[in-house]
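Q: Pasting a structure here, questions to come.
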Amino acid sequence: MLTVDEAVARILVDVPRMPAESVPLRGARGRVLAADLIARIDVPSFDNSAMDGYAVRAVDTRGTTPENPVVLRLVGTVAAGAVGPGIGPGEAAAVMTGAPIPEGADAVVMVEDTDGSRSGTVAIRVACPVGRHCRRRGADVAAGTTVLISGTRLSPARLGVAASIGQATLAVTRRPVISVLSTGDELVEPGSPLGAGQIYSSNNAALTALIEEAGGAARDHGTAPDDLDATIAALEAAIEGADAVLTTGGVSVGAFDYVKEAHARLGAEMDFWRVRMKPGKPLAFGRVRRAGRVVPLFGLPGNPVSCLVNFAQFVRPWIRSAQGDPRPFLPVVSGVAVDDFRDTPGRARLDRVVLTRSPAGIEVRSAGSQSSGVLSALAAAHGLLLVGADQAGPRPGEPCRVQVLDPGFWDGTGPDYRW
Ligand code: AMP
Ligand code: MG
């Protein structure tokens, strides 16, 4: 049986890189840049004032103090977006924040250090060095420099940088199309009444949301009944036009577990079908060739917790990699166990945990039942406690590592979160 690391490594072999497409800035948040972004202009593209004040020649303010101000002749007022007259010796121009520095000026005195006059003359009360309160052309971004490299995740600030160099669209990798298909005669879509022995399918809703969160485009194929021919037909439809296919359930050794058989009938090459981890031992991973493309098939376990924990370990990294993200993994933080997490070693464990901040660091507590059927404990969790296959797990007070699913624990109330 493979370890989690071995399974991840096998899944991330030869991940196809999605082709580039051009998208408007609005809507590009979270996408991955498909090419280096090079600035064609300087930002700012002209020297401008960082303050509301007066553009002066620094030399004219030499030796000036509040007791001994210098009086300069005002030649005009320059607003942001306007171009003002130049200044000569003994002259100043009123400038607003963002206004171009007038020809001849080399410093700005802020209005608070003057008498604030708007006409005739202005009294300057401080000496100022060359360049004071001037934003130099190219100081933010110099033309010709690479502002964002290929593979960068587009955060709001990065979109702002792209806008600042005049970019209206960006080349990003296409969203990988990921099909989702549940299997199970017992499954009913939310919104329909439950019959005897039936349960609502939760995997489709959770997986499609996880796919979108990872930057993929989810296609929900609903549920296939526990029947080999029906599973083959539904799987074939799910493969059509998809970059990867996720099925849930029907992948262990039960009498009606047809997914592996369906993979084989569709010509898929099985890579592995079990991983030494808890929750979620059964994971059938194979690849099928369709129209010259290789489509990975992830046969995820049906248990909702196992299904989603498997997604986080194996599918999410694939979706991120396919978009060209060089850092496809979830963050891992160090914490201190508050509860007793010891159990018999044997399989790598990913326990659902709640995180809280304390002056000593991050405290780690169980999020509730660790049974793989209890989805509500995963819903309450911020992360997964990582326990190696040969380890028992931390006792109270011992250090531990947690894969963060929901960074929301960093937000909150209390004195810690305020300035
Ligand atoms: P299986 O792997 O098909 O044996 O399913 C394992 C367990 O997960 C069973 O209790 C199933 O009812 C449950 N299960 C399978 N698929 C889903 C689903 N889409 N939503 C919720 N539970 C499911
Ligand atoms: Mg089943």
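The values are calculated or read from the model by the stated rules, or taken from the named source; none is laboratory data. All values reported here derive from a predicted model rather than from experimental measurement. Here the Cβ is made from the backbone with ideal geometry for all residues, glycine too, and neighbour counts use every protein chain on show. Heavy atoms of the whole protein, side chains included, go into the accessibility calculation; ligands, DNA and RNA do not. Shrake-Rupley method; radii C 1.70, N 1.55, O 1.52, S 1.80 Å.
Q: Need one number: nm distance between label points at Val188 and Phe256, each 7 Å from Cα along Cα→Cβ, rounded to one decimal.
A: 1.5
Q: If you take the charge dipole of the chain about its Cα centre, with +1 on Lys and Arg Cβ and -1 on Asp and Glu Cβ, which of Leu154, Ala237, Gly191 is farthest toward its positive end?
A: After comparing all options, I get Leu154.
Q: Same structure again: Among Gln323, Gln391, Gln198, which one moves the most in a GNM of the chain with springs linking Cα atoms closer than 10 Å?
A: For the chain, modelled as a Gaussian network with Cα springs under 10 Å, the answer is Gln198.
Q: Express in nm, to one decimal, how much length is gained between Thr97 and Thr344 on full extension, taking 0.36 nm for each residue of separation and deducting their alpha carbon distance.
A: Working it through step by step, the gained length comes to 82.3 nm.
Q: Among Ile199, Ile239, Ile165, which one shows the highest mean-square fluctuation when the chain is modelled as a Gaussian network with alpha-carbon springs under 10 Å?
A: In the Gaussian network model the winner is Ile199.
Q: Distance from the Cα centre of segment 283-298 to that of segment 180-222, in angstrom?
A: Segment 283-298 and segment 180-222 have Cα centres separated by 21 Å.
Q: Given only helices, namely DSSP H runs of n ≥ 4 each adding -39500 (n - 2.57), what is the per-residue ellipticity at 222 nm of the chain, to the nearest 500 deg cm²/dmol?
A: -4500 deg cm²/dmol
Q: Size of the dipole of the chain about the Cα centre, Lys and Arg at +1 and Asp and Glu at -1 on the beta carbon, nothing else charged, in debye to 20?
A: Magnitude of the dipole: close to 680 debye.
Q: Below 14 angstrom from the Cβ of Val275, what's the summed charge of the other residues (Lys, Arg +1; Asp, Glu -1)?
A: With Lys, Arg at +1 and Asp, Glu at -1, the net is +4.
Q: Please list, in order along segment 64-77, the HN-Hα scalar couplings obtained from phi with the Karplus expression 6.51 cos²θ - 1.76 cosθ + 1.60 (θ = phi - 60°), rounded to whole Hz, x for Gly and Pro.
A: 6, 9, x, 7, 10, x, 10, 9, 10, 7, 7, 9, x, 10
Q: Here's a follow-up. Amide H of Ala92 versus every other amide H placed in the peptide plane: which residues, excluding those fewer than 5 positions away on the same chain, fall under 5 Å?
A: Placed amide hydrogens put Arg73, Leu74, Val75 under 5 Å from Ala92.
Q: With the calculation restricted to Cα positions, what are the radius of gyration and Dmax of the chain in angstrom?
A: Over the chain's Cα set, Rg and Dmax evaluate to 30.6, 96 Å.
Q: Would you mind telling me which residue in Glu240, Glu189, Glu67 has the biggest mean-square fluctuation in a Gaussian network model of the chain, where springs connect alpha carbons within a distance under 10 angstrom?
A: Glu67
Q: Only four residue types carry charge here, +1 at the Cβ of Lys and Arg and -1 at the Cβ of Asp and Glu. Report the dipole size of segment 236-296 about the Cα centre in Debye, rounded to the nearest 20.
A: 280
Q: Give me the percent of accessible area attributable to carbon and sulfur for the chain, probe 1.4 angstrom.
A: 53
Q: Can you give the FRET efficiency to the nearest 0.05 for Ala142 and Asp14, using r as the Cβ-Cβ distance and R₀ = 60 Å?
A: With R0 = 60 Å, the Cβ-Cβ based efficiency is 0.95.
Q: Let me ask something additional. Ser155 to Thr413: extension gain in nm, 0.36 nm per residue of separation minus the Cα-Cα distance?
A: The span from Ser155 to Thr413 would gain 90.4 nm if fully extended.
Q: Additional query: Where does segment 48-135 land on Rg/Rh, using Cα atoms and the Kirkwood Rh?
A: When Rh is taken as the Kirkwood radius, the ratio is 0.91.
Q: Right, something else. Rounded, prolate or oblate: which fits segment 332-410 when a ≥ b ≥ c are the square roots of the eigenvalues of the alpha-carbon gyration tensor, with rounded for a/c under 1.5 and prolate only if a/b beats b/c?
A: Because a/c hits 1.5 or more and a/b fails to exceed b/c, segment 332-410 counts as oblate.
Q: Next up: Would you tally the net charge around Ala168, using a Cβ to Cβ cut-off of less than 13 Å, leaving Ala168 out, and scoring K and R as +1, D and E as -1?
A: Every neighbour counted, the sum reads +2.
Q: OK, next. Take every Cα-Cα distance within segment 212-361, group them into 10 Å bins from 0 onward, and report for each bin the whole-number percent of pairs it holds.
A: Computed distribution, short to long bins: 10, 35, 33, 15, 6, 1.
Q: Okay, moving on. Excluding Gly138 itself, calculate the net charge of residues whose Cβ lies under 15 Å from the Cβ of Gly138, where each Lys or Arg counts +1 and each Asp or Glu counts -1.
A: For residues surrounding Gly138, the net value is +1.
Q: I would also like to ask the following. With label points built 7 Å along Cα→Cβ from the Cα atoms of Ala196 and Ala230, find their separation and express it in nm.
A: 1.9
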